[in-house]
Amino acid sequence: MKKGFGLIVLAAIIVLNGCKEIGPPIVLKAPPIVKGSKQSGLIADSNYIETSIPTADAKRVMMEEFSGQNCPNCPMGHIAVDQIIAANSGKISAATLHSAFFAPQSDPIAPVDFRTTFATDIINTYGAGAVGIPCAMIDRVFVGGTTNSTAILTPSTWSSFVATELAKTSYVNIVLNSSWDASASQDSVTVALHFTSASTADSLNLSLMITEDNIVAGQDSMGITLPNHRHNHILRTMITPSTGIKITPSKVAGRVVLYKFRSTVIDITKWNLSNLKVIAFVHKQNSGVYDIMQVAESKVQ
């Protein structure tokens, strides 16, 4: 009887331990892509608190290069961006923005028009328009000077600004997932933001860009037309507005904010799907302070 009773007690202990409540695991990947009917824009968002706070990812840097096919000095900017990306493998995302009169569609150099209203809005909003091109914003950090701009003119100096940004820390991890849905001709995108420490003092936005690499088209280079110049990181469009969407939940340590987008803005008749990327970045949207805190990218396919 004693032996039998002991076995019963042991079994009860095992059952009770087996029923012990365990909190949800840390999710370090974006939720699965949900494909469906043709739809564009933000289709769902949610948030929760993680039971364990993940370690902050290493800082990645966003470069926004302002350029134009009619700009004779702009190839120097293209070279500088590509060299910085090569020297900092996996740490840099880049978008090349064309605007204004530097790439008119009627010009024989530029039969493919790279200009977008998003590029114009970004130039006007973040203070890059007054300094000329080629110029670049590095994480949209304010650099001051006589132009009161976030943009830096001289391509040879960009690498030092990038190094400064790479040495910083970020309080948010970004996990990005993108998948092309051929049946609906749309891109399905999920973004998971994991806050590793509090950022309650900052007003933060999330922006999503779509860029294209390996576009062969004309380019002025010091007054000489290069008919087969290879253009990379070209901003094609944005899934969000040019200033992004506001991240509204409280940004406390352990907060996870999930977004699901579907985008019908990709033009597969003009753009090469295999060369498209989605770039997601979290940035401050305060008065005069627009620093990009973290960035991630993913191939569309």
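Where a number appears in this text, it was derived from the coordinates with a stated rule and is not lab data. In this text the structure is predicted, and so the values were computed from the model without any measurement. All Cβ positions, glycine included, derive from the backbone under ideal geometry; neighbour counts span all protein chains shown.
Among LYS91/LYS299; LYS260/LYS284; LYS251/LYS299, which pairs are too far apart, with a Cα-Cα distance over 19 Å? Please list the in-between numbers first.
Working: LYS91/LYS299 15 Å; LYS260/LYS284 21 Å; LYS251/LYS299 28 Å.
In this structure, LYS260/LYS284; LYS251/LYS299 exceed 19 Å between Cα atoms.
Determine how many Å³ per residue the convex hull of the Cα atoms of region 156-219 encloses. Could you put the intermediate results ahead of the total?
Values: hull volume 11.4 nm³, N = 64.
Convex hull of Cα atoms, per residue: 178 Å³.
Which of the aspartates and glutamates could a cross-linker bridge to LYS277, judged by Cα under 20 Å and excluding same-chain residues fewer than eight apart?
LYS277 reaches GLU64, GLU65, ASP82, ASP113, ASP139, ASP181, ASP187, GLU212, ASP213, ASP267, GLU297.
Beta carbons within 10 angstrom, averaged per residue: use that to sort the peptides 47-59, 246-258, highest first. Don't skip to the answer; put the middle values down first.
On the way: 47-59: 14.2, 246-258: 16.8.
Most protected by this proxy first, the peptides run 246-258, 47-59.
May I ask you to derive the relative contact order of region 41-299, considering only C-alpha pairs under 8 Å and at least 6 residues apart, and to give it as an integer percent?
Details: 621 pairs, mean separation 70.8, N = 259.
Normalised by residue count, the contact order of region 41-299 is 27 percent.
At 0.36 nm per residue, and after removing the present C-alpha to C-alpha distance, how many nm does the segment from ASP113 to ALA198 gain when stretched out fully? Mind dumping the intermediate values first?
On the way: separation 85, 0.36 × 85 = 30.60 nm, distance 4.24 nm.
Result: 26.4 nm gained on full extension.
Just going by the charge dipole of region 41-299, with Lys and Arg at +1 and Asp and Glu at -1 on Cβ, which of THR55, ALA94, ILE138 is farthest out on the positive end?
Highest projection toward the positive end goes to THR55.
Under the 0.36 nm per residue contour assumption, what length would be gained going from the current alpha-carbon distance of ASN124 and VAL265 to full extension? Intermediate results must be reported in sequence, preceding the final value.
Working: separation 141, 0.36 × 141 = 50.76 nm, distance 2.27 nm.
Working it through step by step, the gained length comes to 48.5 nm.
What is the Cα convex hull volume of region 216-301 when expressed per residue in Å³?
Values: hull volume 13.4 nm³, N = 86.
Convex hull volume per residue, Cα atoms: 155 Å³.
So, how do all the Cα-to-Cα distances of region 41-299 break down into 10 Å bins, in percent, from 0 on up?
Over region 41-299, the share of Cα pairs per 10 Å bin runs 7, 31, 36, 20, 5, 1 percent.
To the nearest µm²/s, what D does Stokes-Einstein give for region 149-301 at 20 °C and 1.002 mPa s, using the Kirkwood radius over alpha carbon pairs as Rh? Before the final figure, lay out each step's value.
Numbers: Rh = 17.4 Å.
Translational D for this selection: 123 µm²/s.
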